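Here's the structure, in structure tokens; my notes come after.
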Amino acid sequence: MDERYEPSKIEPFWREEWERTNLYLTRETPGRPKFYGLEMFPYPSGDGLSVGHLHNYVPCDVIGRYKRMAGFNVLHAMGWDAFGLPAENDALLKRLHPKETVPRYAANFKRQLKLAGCAYDWTREINSSSPDYYRWTQWFFLLLYKRGLAYRALGSQWWCEKCRTILANEQVVNGCCWRHMETPVSKKDLEQWYFKITDYADRLLADLDGIDWPEPIKLMQRNWIGRSEGAELAFPVMGHPGKEVRFFTTRPDTVFGVSFMVLAPEHPLVAEIVTAENRGAVDEYVAQARRQSEIERLSTVKEKSGVFTGAYARNLFSGKDVPIWIADYVLMGYGTGAIMAAPGEDERDFAFAKKYGLEIPVVTAPADGSSAPANQAFTERGIAINSGFLNGMKTDDAIRAVCKHAEECGFGRATISYRMRDWLISRQRYWGCPIPIVYCAKDGIVPVPDDQLPVVLPDMKDYQPSGTGRSPLANVPEFVNTACPKCGGPAERETDTLDGFACSSWYFLRFAAPHYDKAPFEPKAGDYWLPVDLYVGGAEHAVMHLLYARMWTKVMFDAGLIKFKEPFPALRNQGMIWAADGQKMSKSKGNVVTPDAMVEKYGADALRLWELFMGPFEEATNWNETGVAGTARYLQRVWALMRRYVEAGCPDGAPSAETVKRAHKTIKIVTDHVERMRFNTALAVLMDQLNYLAKLEPERLGRHTIETYVLMLAPMAPFVGEEFWRELGHKDSIHLEPWPKFDSALTVDETVTVVVQINGKVRDRLEIEADAAEADVRALALASEAVRRNLDGKAPKKVIYVPNKLVSIVV
RNA sequence: GCGAGAGUGGCGGAAUGGCAGACGCGCCGGACUUAGGAUCCGGUGCCGCAAGGCGUGGGGGUUCAAGUCCCCCCUCUCGCACCA
């Protein structure tokens, strides 16, 4: 062995050797359990990977390598989320074409992942922008269409002026585009495709209970779905026979206190019921609401505003006619776009009533008999008062009574409302999966038959988004003009493309059999590998990708294609790595640290170890390069130990009982920590063990001690692991060796330190035999010189004994 | 505003209610060196010569014993933000 550890001398060799021997091909050895570990597949950006990205890939690689050694058939593959706005925007900016940049960027990512020693089965590499792949994205679109889950509707939708396309609700952040955080979105009326994710709202919510996900992510999904129980009721509009205001409320029990109603400015009823004398003010308000930016409109701090329509609705409970207002605090997109206002029990209605001098009846009293605080709404549950037949009922009973009454009278019923809206999937952009739909003058909307897939994205030089609301594909006659699959007559293709999130809603299935060309996945391989055993990615995907993928999985389950209802039974979020300056790593800030630079300076193994050691896997922390120097130094010390051992002829040796015990304890603890993804502490244990071993003569180490140490190091530092294994005389790769086992009997301590406390303060320590008799330990403790000195003649009031831990004396 | 998570040495971080600060970084001292941003050895929470005392954001509480459990407050990060 060389005197000094020089990663540049060993890493390129093993990188090539592993590739040559196809070491990381997926194996399906009979009799072994399977493990499918998956990282969220990345959009390959032109900036390449930073050390921050590796904080996801390296730990997952360690788990994959560990599972393989622990006897699993492991599926660990990588692919590229290559379709979509990020790739297209980048190419536009650089005046290049995504079909050219995407493969180049992906190749660079792949190179970097190999550089870092990540073990993927590259024969399973996938790319969502390749026709072999998006053919099946289209197939899934048609599956949803056939099941009534894809529909077309005219709607007022979010439009980003920079992206020149419609965005999904989830892609609007604080009133701005998620790709352009400084660009406020506006509304545009277009006919669009939607996926009916709301049909799955209940199941998406209920099935969260059965999956092993971080609680905050589940909570975000629950909040996003936003299930509310309540009632949908309708009150007739006076003077407009047949017209009614339908509204949703979670507090139907307060209906006797309804003193006015509010419609969203965009509500279709507004134009019909507004009186002549109010029309001017109403029109102006509606126009102003449309003009207003969404940030202003959605601001909670803004004072409420609204105008009276001049029309009245009959409160079918109180019998009173109440004024109908319009106000922008009522949203057209939720419920029915109309509310009943119970200002005595709702803060928002209260504020509105105060401002416009509307009546504020009080119809709920605190259940404990106290009086409700004055000059504010009483929003808690309580007892109905001033409420006709509801008087004296508790809120929950009153809710049931109102629903029953409304249902009997035929103007309402108990219902459930969701905050989540349907998923808007049309994009007026070039670089996406074409929607496999044809419009025929005779047959209308016609799906492209499965055997005509894929609908290939045509080559276009000039693919800039037009901003007209039509995709650039509309400018390609060869693409647009086609024959109707039904009647054969002239027809036009849909020119919008699919939201990139469609591509990532099923990719995890594809890795099971990525080259199968008769279905999205080969059924037998799917049954074997799916679902994903461990899914790892950033928390930023809490409500988009993770919700969509769950929905598609449920659709596939319903269609009988798969046997599981959840794609990712276990999910973990890696912590964000900030730059050394505490900011986000970005090229523009000039604070990006690349794996390339770190590998060149310290080697891939040292980089990997620091990624693992810098903190708990799921917690955020700042990058710190001196840490890599530290793990490189650790590897130097391991190298020095190995060299001494190898040069002494790898003696079987005569390890002391303590050394043997330490070896077994180390295996036990490291195994436990790796299983729980506590890589930082797992490595700390290995470092501690090294500090011990480094002091021993080679003859006193023992071959078992050394080999198990190297085996445990191998998943974390695969290059030196492989090198050491060969130096120890092995021919086969260490990465296919079984994970070391420990002898429980050898992990038990024979002596223990028992702490003696007096009034909670440590006064002495006793080295005693493990599991010694309680009476003996108590006697020993009380006899201790330090204890007698500190007792100072006082008699112990109480003595508590915790076996093998401590004696606590109270005086 | 509502919800969630987090506050431990100079720094990253360890600690099934039972010795706070494992492991590493940094720093200090020493050895070897022409040299050290290499390597090795030792030290390193704070105050104190010491004995000892004090210490996990702040304040209370439960307990023989609290970083850990309970209540109140402060700070930071993230999510949602008029969803009726």
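The values are calculated or read from the model by the stated rules, or taken from the named source; none is laboratory data. Computed from a predicted structure; not experimentally measured. Cβ atoms come from the backbone with ideal geometry, glycine included; neighbour counts cover every protein chain shown.
Numbers for the structure displayed
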quantity	calculated
Subset of segment A:314-327 (residues that are within 16 Å of RNA strand B (Cβ to nearest atom) and of a type in the set (A, V, I, L, M))	A:Val322, A:Ile324, A:Ile326, A:Ala327
Strands (runs of 3 or more DSSP E) completely within segment A:328-405 that count 1 or more residues being more than 15 Å from RNA strand B (Cβ to nearest atom) and surrounded by 19 or more Cβ atoms within 10 Å (Cβ to Cβ)	A:382-384
Hits in segment A:467-510 - residues which are surrounded by fewer than 16 Cβ atoms within 10 Å (Cβ to Cβ) and in contact with a Pro (Cβ under 8 Å, 6 or more places away or on another chain)	A:Glu478, A:Asn481, A:Ala483
Residue match in segment A:501-521 (condition: out of contact with any Lys or Arg (no Cβ under 8 Å at 6 or more places or on another chain), in a loop (DSSP other than H, G, I, E, B) and of a type in the set (S, T, N, Q))	yes
All positions within segment A:771-792 that are within 13 Å of RNA strand B (Cβ to nearest atom) and either at positive phi or surrounded by fewer than 16 Cβ atoms within 10 Å (Cβ to Cβ) (or both)	A:Glu785, A:Ala786, A:Arg788, A:Arg789, A:Asp792
Residue pairs meeting the criteria (Cβ under 6 Å; at least 6 apart or on separate chains; first on the phi > 0 side of the Ramachandran plot, in segment A:116-138; second of a type in the set (A, V, I, L, M) and not in a loop (DSSP other than H, G, I, E, B))	A:Gly117/A:Ala604
Search result, residues across segment A:667-691 that are farther than 18 Å from A:Lys67 by Cα, surrounded by 15 or more Cβ atoms within 10 Å (Cβ to Cβ) and over 32 Å from the mean Cα position of the chain (by Cα)	A:Met687, A:Gln689, A:Leu690
Test: A:Glu100 is of a type outside the set (Ser, Thr, Tyr) and over 30 Å from A:Gln464 (Cα atoms)	no
Top-ranked residue in segment A:703-749 [being within 16 Å of RNA strand B (Cβ to nearest atom) and in a loop (DSSP other than H, G, I, E, B); ranked as nearest to A:Lys9 (Cα to Cα)]	A:Ala717
Hits in segment A:406-431 - residues which are in contact with a Cys (Cβ under 8 Å, 6 or more places away or on another chain) and more than 16 Å from RNA strand B (Cβ to nearest atom)	A:Arg429
Leading residue by the ranking (farthest from A:Tyr418 (Cα to Cα)) among those in segment A:234-257 that are of a type in the set (Phe, Trp, Tyr) and surrounded by 24 or more Cβ atoms within 10 Å (Cβ to Cβ)	A:Phe256
Top-ranked residue of segment A:289-299 - restricted to ones that are in a helix (DSSP H, G or I) and closer than 15 Å to A:Met332 by Cβ, ranked as modelled with the highest pLDDT	A:Ala289
Yes/no for A:Val286 being modelled with pLDDT of 95 or more, touching a Pro at 6+ places or on another chain (Cβ under 9 Å), crowded, with 16+ Cβ neighbours inside 10 Å and within 30 Å of A:Asn174 (Cβ to Cβ)	no
Residue in segment A:180-194 that is modelled with pLDDT under 90, closer than 25 Å to A:Arg227 by Cβ and in a loop (DSSP other than H, G, I, E, B) present	no
Positions within segment A:538-589 being within 11 Å of the chain's Cα centre (by Cα), polar (S, T, N, Q) and in a loop (DSSP other than H, G, I, E, B), in sequence order	A:Gln574
Segment A:431-460 - residue that is in a loop (DSSP other than H, G, I, E, B) and out of contact with any Pro (no Cβ under 7 Å at 6 or more places or on another chain) and, of those, nearest to A:Cys163 (Cα to Cα)	A:Gly432
Boolean, A:Thr659 is within 12 Å of RNA strand B (Cβ to nearest atom) and either surrounded by 14 or more Cβ atoms within 10 Å (Cβ to Cβ) or among the β-branched types (Val, Ile, Thr) (or both)	no
Identity of the residue in segment A:592-610, out of contact with any Leu (no Cβ under 8 Å at 6 or more places or on another chain), of a type in the set (A, V, I, L, M) and within 29 Å of A:Pro214 (Cα to Cα), that ends up farthest from RNA strand B (Cβ to nearest atom)	A:Val592
Segment A:755-767, residues that are near RNA strand B (Cβ under 9 Å from one of its atoms), under 15 Å from A:Ala779 (Cα atoms) and aliphatic (A, V, I, L, M)	A:Val755, A:Ile758
Hits in segment A:602-629 (condition: in contact (Cβ under 8 Å) with a residue 12 or more places away in the chain and out of contact with any helix residue (DSSP H, G or I) (no Cβ under 7 Å at 6 or more places or on another chain))	A:Glu618, A:Glu619, A:Ala620, A:Thr621, A:Asn622, A:Asn624, A:Glu625
Residues being under 30 Å from A:Pro131 (Cβ atoms) and of a type in the set (Ser, Thr, Tyr) - total across segment A:384-443	3
The one condition in (1) in contact (Cβ under 8 Å) with a residue 12 or more places away in the chain; (2) more than 9 Å from RNA strand B (Cβ to nearest atom) that A:Val752 fails to fulfil	(2)
Index of the failed condition, A:Trp14 passing every other in (1) out of contact with any strand residue (DSSP E or B) (no Cβ under 9 Å at 6 or more places or on another chain); (2) surrounded by 23 or more Cβ atoms within 10 Å (Cβ to Cβ)	(2)
Members of segment A:611-626 found to be within 8 Å of RNA strand B (Cβ to nearest atom), in a helix (DSSP H, G or I) and either crowded, with 23+ Cβ neighbours inside 10 Å or modelled with pLDDT under 95 (or both), listed by number	A:Thr626
Residue that is surrounded by the fewest Cβ atoms within 10 Å (Cβ to Cβ) [pool: residues in segment A:170-184 that are in contact with a Cys (Cβ under 7 Å, 6 or more places away or on another chain) and more than 24 Å from A:Phe195 (Cβ to Cβ)]	A:Glu182
Identity of the residue in segment A:1-60, in contact with a helix residue (DSSP H, G or I) (Cβ under 6 Å, 6 or more places away or on another chain) and small (Gly, Ala, Ser), that ends up farthest from A:Phe613 (Cα to Cα)	A:Gly46
In segment A:454-489, the residues that are within 17 Å of A:Ser129 (Cβ to Cβ) and among the aliphatic types (A, V, I, L, M)	A:Val455, A:Val456, A:Leu457, A:Met460, A:Leu473
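Quick grid of which residues meet (1) within 13 Å of RNA strand B (Cβ to nearest atom); (2) surrounded by 18 or more Cβ atoms within 10 Å (Cβ to Cβ):
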| residue | (1), (2) |
| --- | --- |
| A:Asp202 | no, no |
| A:Glu229 | yes, no |
| A:Gly306 | yes, yes |
| A:Tyr312 | no, yes |
